[in-house]
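Read the structure below first, then the notes.
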Amino acid sequence: MLGSIFITLIYNLYYSGGDTTAYFNDGRMLDKILLYDPITAVKMFFVSGYPDSWPDSLINIAADFRMPFAANTWIIVKISAFFSLFCFQSMLCVSLFFAFFSYLCIWRFYITLTHMYPEVKKKLSIVIIFVPSVIIWGSGIFKDTVTLSAMLLLFCVVHQIFFEKKKIAKNILLAGICCWLLYVVKDYIFFSFSISLAIWLLLSWCFSVKAKFLRVLFLLFIVSTAVISSFIMINYIGKEIAEIAVKTLLERTVLTGQYLHAVSEQTEGSSYDIGVAEPTLQGFISIAPKAINVTLFRPYLWESGKLIIFLSALESTLILLYFIYVLLKNKIVFFFTKILKDPFLLFCIFFTLIFAIFVGVSSFNFGNLVRYKIPCIPFFLTALVVLDGKIKKEKKTILADA
């Protein structure tokens, strides 16, 4: 609630507008149309938001809105409009609704992880619930609030379906809704997170096999099947389609980053430069280390020219120090070996790295970076906390044996 109130006041009093204000104002306009012409409002509500999805009868009305011609912005407008019906068109109240549902998903994620790793319950609460950037940017009327909520809820329902085997039908429905939201709002999160989840499930199945020989055999089978399937899909089903899909995603990411960098330079914003990435897979790989570093550990303290960036820099510095602490505590080598032995840790690190590359390449501005990177922060910090807890558990075991 405090995060929601803070970011709403920041956007109204400090920034004097922005995306979150546009979402709310468009939602409020949609509600006004509902009062005077319910049929038109309902038709608009069921329009997907793609430019060619608007019928001729509604195109002139849609032109009066700020966010109607992109599916990932129009859906946020519709969510805001729905909440606004119960909030007397108060922006602060709508923001609190977003925060409420976001916190429900964060809390469920925390409870799920405490069942998986009860020995680090207190530390998990810190890195999941009390991270300032997640509280602030995951509580307002943002696309990031919706994607964070959908992503964490998707993890929980997948865990219930495949590990707890509870409420299968209900959880499959929830998983479908979460996947749809992620795909519509930010497709790169959907692709990176779904691939990471698939790897986690397959590795968990492999690790459940007690015989080492069979485990290795199953692992080789899974890897070889994935490689062969990808080869067949690309070469026989549609090589050109696959190339176009990848190129389109990478081009959009790179062009968005370059645009944000140019705007930030013109407005004397807090931009950063990690080099120009070609919109190809090779270009992404070449710039990946810089992108990962900027997403997880920047802005540095000396790069913060504004108070809000300084707060983010302070958080990034603490994350960097904790990462170094856990890395050294595990003597570096054991840091990686322990990750390889735990499918969940592999999932966390794999998703963090893939996601960090996309965000680092597409942001080019610390203000946007702080907001865009929040989906990977709970997973990265959770992995560090679990690794830290494993060391303490090993020490207790050694002392007990002695």
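The values are calculated or read from the model by the stated rules, or taken from the named source; none is laboratory data. All figures in this text were calculated on a predicted structure; none of them were measured in a lab. Here the Cβ is made from the backbone with ideal geometry for all residues, glycine too, and neighbour counts use every protein chain on show.
Considering only residues that are farther than 14 Å from Arg28 by Cα and in contact (Cβ under 8 Å) with a residue 12 or more places away in the chain, look in region 62-75 and name the one that is surrounded by the fewest Cβ atoms within 10 Å (Cβ to Cβ).
Taking the candidates together, the pick is Ala70.
For region 10-26, how many residues are under 24 Å from the mean Cα position of the chain (by Cα) and either assigned to a helix (DSSP H, G or I) or β-branched (Val, Ile, Thr) (or both)?
8
Among the numbered criteria (1) assigned to a helix (DSSP H, G or I); (2) at pLDDT below 80; (3) surrounded by 14 or more Cβ atoms within 10 Å (Cβ to Cβ), which single criterion is violated by Ser316?
(2)
Name the one entry in Ile324, Ile309 that is crowded, with 17+ Cβ neighbours inside 10 Å and either touching a residue at least 12 places away in the same chain (Cβ under 8 Å) or at negative phi (or both).
Ile309
Looking at (1) of a type in the set (Ser, Thr, Tyr); (2) over 28 Å from Leu13 (Cβ atoms); (3) not in a loop (DSSP other than H, G, I, E, B), can you tell me which one Tyr103 breaks?
Failing condition for Tyr103: (2).
Quick check on my filter: what residues within region 327-385 are of a type in the set (Ser, Thr, Tyr) and closer than 19 Å to Phe297 by Cα?
Matches in region 327-385: Thr352, Ser362, Ser363, Tyr372, Thr382.
Taking Lys143 as the residue in question, decide whether it is more than 28 Å from Pro299 (Cβ to Cβ) and modelled with pLDDT under 95.
So Lys143 does not fit the description; no.
Output the number of residues of region 109-162 satisfying the condition of being outside any helix (DSSP H, G or I) and more than 18 Å from Asp19 (Cβ to Cβ).
3
Under the condition of being touching a residue at least 60 places away in the same chain (Cβ under 8 Å) and not polar (S, T, N, Q), which residue from region 15-48 is nearest to Val370 (Cα to Cα)?
Among those that are touching a residue at least 60 places away in the same chain (Cβ under 8 Å) and not polar (S, T, N, Q), it is Asp19.
Could you go through region 197-207 and let me know if any residue there is part of a helix (DSSP H, G or I) and crowded, with 22+ Cβ neighbours inside 10 Å.
Scanning region 197-207 turns up at least one residue that is part of a helix (DSSP H, G or I) and crowded, with 22+ Cβ neighbours inside 10 Å.
For (1) under 14 Å from the mean Cα position of the chain (by Cα); (2) of a type in the set (Val, Ile, Thr); (3) closer than 18 Å to Asp273 by Cα, each residue gets a yes or a no:
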| position | (1), (2), (3) |
| --- | --- |
| Thr337 | no, yes, no |
| Asp342 | no, no, no |
| Leu346 | no, no, no |
| Phe350 | yes, no, no |
| Ala356 | yes, no, yes |
| Val359 | yes, yes, yes |
| Asn368 | yes, no, yes |
| Lys373 | yes, no, yes |
| Cys376 | yes, no, no |
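Restrict the check to region 37-48 and report whether at least one residue is within 23 Å of the chain's Cα centre (by Cα), at pLDDT below 90 and either of a type in the set (Ser, Thr, Tyr) or assigned to a helix (DSSP H, G or I) (or both).
yes
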